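Remarks on the structure that follows.
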Amino acid sequence: MSLEIIAYVLGALTAGGGTMGFVRTGSIPSIAAGLTVGLLYGLGGYRLQSRQPYGLELALLASIVLGGSSIPRAIRGGKPVPTVLSLVSIFGLLTFGNAYRKTL
């Protein structure tokens, strides 16, 4: 699977999850974080698809931001949502980090 498709899928998952969190609980931070990370993934995917610079870096940044906020919560609480978000961020970190490493 190409990197841009992975970025689009992760963007849709995070934006959709943030929106669902807002609808279910009324959480403004959920929708703000979900849409922001989803936008970063989506913009990274678009830039990768159009062969513009910094697409890979944007997708990697989205994974770093998502991991930075969800991994500590998953370790502390063990609740399902932070755990799933942590797995998504780890997948993104491995995928985009490995692709970035190959460009060095």
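The values are calculated or read from the model by the stated rules, or taken from the named source; none is laboratory data. Everything quoted here is computed from the prediction, not taken from an experiment. Glycine gets a Cβ as well: all are built from the backbone with ideal geometry, and neighbour counts include every protein chain shown. Surface areas here come from the heavy atoms of the whole protein model, side chains and all, with no ligands, DNA or RNA. Shrake-Rupley method; radii C 1.70, N 1.55, O 1.52, S 1.80 Å.
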Revision key, fill the gap. Per the rule of 0.36 nm per residue minus the C-alpha distance, extending V9 to V84 adds in nm 25.5 nm
Review point. Relative contact order for the range 1-54 using alpha-carbon pairs under 8 Å, separation at least 6, rounded to a whole percent?
Key: 43
Exercise for review: Could you go through the range 65-81 in sequence order and give the Karplus-derived ³J(HN,Hα) for each residue, using 6.51 cos²θ - 1.76 cosθ + 1.60 with θ = phi - 60°, rounded to whole Hz, and x for Gly and Pro?
Suggested key: 5, 5, x, x, 8, 9, 5, x, 5, 5, 5, 5, x, x, 6, x, 5
Check your understanding: With all protein chains present, how much of the accessible area of the chain (probe radius 1.4 Å) comes from carbon and sulfur, to the nearest whole percent?
Key -> 71
Point to revise | Per-selection Rg to Rh, the range 26-104 - Cα, Kirkwood hydrodynamic radius | key: 1.02
Check your understanding: In Å², what does the accessible area per residue of the chain work out to with a 1.4 Å probe?
Key -> 61
Review point. Any idea what the relative contact order of the chain is, in percent, if you count C-alpha pairs under 8 Å spaced at least 6 apart?
Key: 23
Point to revise | Solvent exposure ordering (accessible area, 1.4 Å, most first) of T14, T19 | key: T19, T14
Practice item. In nm, give the distance between the simple-model label positions of T103 and S50, each being 7 Å from the Cα along the Cα-to-Cβ direction. Key: 1.6
Exercise for review: Run the dipole for the chain about the Cα centre, Lys and Arg Cβ at +1, Asp and Glu Cβ at -1, nothing else charged, and hand back the magnitude in debye, nearest 20.
Suggested key: 180
Study note, to complete from the structure: FRET efficiency for V23 and S2 from the Cβ-Cβ distance with R0 = 25 Å, rounded to 0.05, comes out at 0.20
Exercise for review: Go through the range 1-52 and name the trypsin sites (Lys or Arg not before Pro) that are in a DSSP coil and have 11 or fewer other Cβ atoms within 10 Å of their Cβ.
Suggested key: R51
